[in-house]
Amino acid sequence: MRRPRVIAIAAALCVLPLTSLGQGRPAPSRTELAPGIFLFSTPGYGDVGLDGNSIAVLSRDGVLVFDTNGTPGASAAILSEIRTLTNQPVRWIVNSHWHWDHWYGTETYQQAFPDVRIVSHEKNRQLMMGPALAFNKPFLEEQLPGYIQSVEKRAAEKPELAPLLAADKAFYEQKKNVHLVFPDVTFTDRMEIELGERHIEVLNYGRGVTPGDTFAYLPKEKILLLGDLIVNPITFALSGYPTEWLRVLEKVDALDATTIVTGHGAPLRDKTLLRATMEVFRVLLKEGKAAKAKGLDPDQAREAIFPGLHDLMVTITGDRPQMNGAFKSQLVDWYLHRVYEELDGPLTDAISKIPAS
Ligand SMILES: [Zn+2]
């Protein structure tokens, strides 16, 4: 198979300074969570995609990377940073779930470290190898190219849109040419990795935002790497498992963590956001059930329940208007639709569609 040009360029640039990586993209931001444990956050791709957090756990005997970004370009930028921090190889990758922005950059690590082991829950592997690709297909083949055409038209009249157009196009090139690498080590409920001085628990507590949510707990450092089990600030509740998800988070809450890294956004130094999100789930489970019994449809239920969530919303969003809108659609609306589906019968592991409202 032809080696995609963009990937070849990104790989070749690994030794160059960060500013020359990723076709002029800004470097990822780096936060040291504890000595030798780094969170990398990647800026969005123009206006067409957000990337997931990626965490490097360094040790005297190799590196573990938790989540591998949404494009090979983004993971190459992070690998370049890791190389400035250690001479050790990346030995382990953990992928939290099937959403593209957490694993489409794995190829970078596999090319650089052919012996790297890629761990995820057995259901993630199944989803990544089929249903996730089908879910992404309309976006990649229709919506994204269609949207880029519309930006191209606008940019013809407004030259200031040229950088946005370039960023959107670069993202499309990356996504089109990605060489997917699937997990080759799967687990069911827990797995423990001893890596030099690190002890890393890789866990699944049942179905949450996805059927195979994989998270990591480092008990010595009291660090939790949660993937999208919650997101800072607004959890993305598409196709989740309402009752089981709350149970998962209650067990997560019981872990002795002082730093929590969610799938996107800044790290958390306490459990305020976790607990506020759980409380939103509790209200939606209880009131969604009552609304359905009264004969309301999910959209009517959302409008009836939403005002009562005001204080929790402000805790989560800081009352920023744009965030409040996302809270209502991506958390309240999507979670409620799944509450309704769950009340109609057991939920399968299939990926559900985005509600129309
Ligand atoms: Zn995500």
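The values are calculated or read from the model by the stated rules, or taken from the named source; none is laboratory data. No experiment lies behind these values; they were computed from the predicted model shown. With ideal geometry, Cβ positions are generated from the backbone for all residues, glycine too; neighbour counts draw on all protein chains shown. With ligands, DNA and RNA removed, areas are computed over all heavy atoms of the protein, side chains included. Shrake-Rupley method; radii C 1.70, N 1.55, O 1.52, S 1.80 Å.
Observations, loosely collected:
- Residue within the range 212-221 that is surrounded by fewer than 19 Cβ atoms within 10 Å (Cβ to Cβ) and either touching a residue at least 12 places away in the same chain (Cβ under 8 Å) or within 16 Å of the ligand (Cβ to nearest atom) (or both) present: yes
- Meets criteria (touching a residue at least 24 places away in the same chain (Cβ under 8 Å), open to solvent by 20 Å² or more (accessible area, probe 1.4 Å), in contact with a Lys or Arg (Cβ under 7 Å, 6 or more places away or on another chain) and not small (G, A, S)) for V185: yes
- Filter pass, T235 being within 14 Å of the chain's Cα centre (by Cα) and polar (S, T, N, Q): yes
- Unique match (being at pLDDT below 95 and either touching a Lys or Arg at 6+ places or on another chain (Cβ under 8 Å) or of a type outside the set (S, T, Y) (or both)) among N136, N124: N136
- There is no residue in the range 61-76 that is within 16 Å of the ligand (Cβ to nearest atom), assigned to a strand (DSSP E or B) and open to solvent by 10 Å² or more (accessible area, probe 1.4 Å).
- Residues considered: K123, K175. Of these, the only one that is in contact with a Gly (Cβ under 6 Å, 6 or more places away or on another chain) and in contact (Cβ under 8 Å) with a residue 40 or more places away in the chain is K123.
- Residues in the range 121-137 that are open to solvent by 50 Å² or more (accessible area, probe 1.4 Å) and away from the ligand (no atom under 16 Å from the Cβ): E122, K123, R125, Q126, M129, P131, L133, A134, K137.
- Among the residues listed as V90, V94, the single one being under 16 Å from the mean Cα position of the chain (by Cα) and surrounded by 22 or more Cβ atoms within 10 Å (Cβ to Cβ): V94
- Looking only at the range 117-133, residues that are part of a helix (DSSP H, G or I) and either under 12 Å from H99 (Cα atoms) or of a type in the set (D, E, K, R) (or both) come to 9 in all.
- Taken over the range 105-120, the criterion of being out of contact with any Leu (no Cβ under 7 Å at 6 or more places or on another chain), open to solvent by 10 Å² or more (accessible area, probe 1.4 Å) and not polar (S, T, N, Q) is satisfied by F113, P114, D115, R117.
- Failed item in (1) within 16 Å of the ligand (Cβ to nearest atom); (2) open to solvent by 10 Å² or more (accessible area, probe 1.4 Å); (3) hydrophobic (A, V, I, L, M, F, W, C), with L226 passing the rest: (2)
- Restricting attention to the range 326-351, the residues that are open to solvent by 40 Å² or more (accessible area, probe 1.4 Å), part of a helix (DSSP H, G or I) and not polar (S, T, N, Q) add up to 4.
- A266 open to solvent by less than 50 Å² (accessible area, probe 1.4 Å), in contact (Cβ under 8 Å) with a residue 12 or more places away in the chain and outside any helix (DSSP H, G or I): no
- When W92, W103 are screened for being within 16 Å of the ligand (Cβ to nearest atom) and either of a type outside the set (S, T, N, Q) or closer than 15 Å to H179 by Cβ (or both), only W103 passes.
- Among the conditions (1) touching a residue at least 12 places away in the same chain (Cβ under 8 Å); (2) open to solvent by 40 Å² or more (accessible area, probe 1.4 Å), D311 misses just one, which is (1).
- Qualifying residues in the range 46-60 (those that are within 16 Å of W103 (Cα to Cα) and not acidic (D, E)) - the one nearest to the ligand (Cβ to nearest atom): G52
- The range 229-260 - residue that is of a type in the set (A, V, I, L, M) and within 13 Å of the ligand (Cβ to nearest atom) and, of those, farthest from F327 (Cα to Cα): L229
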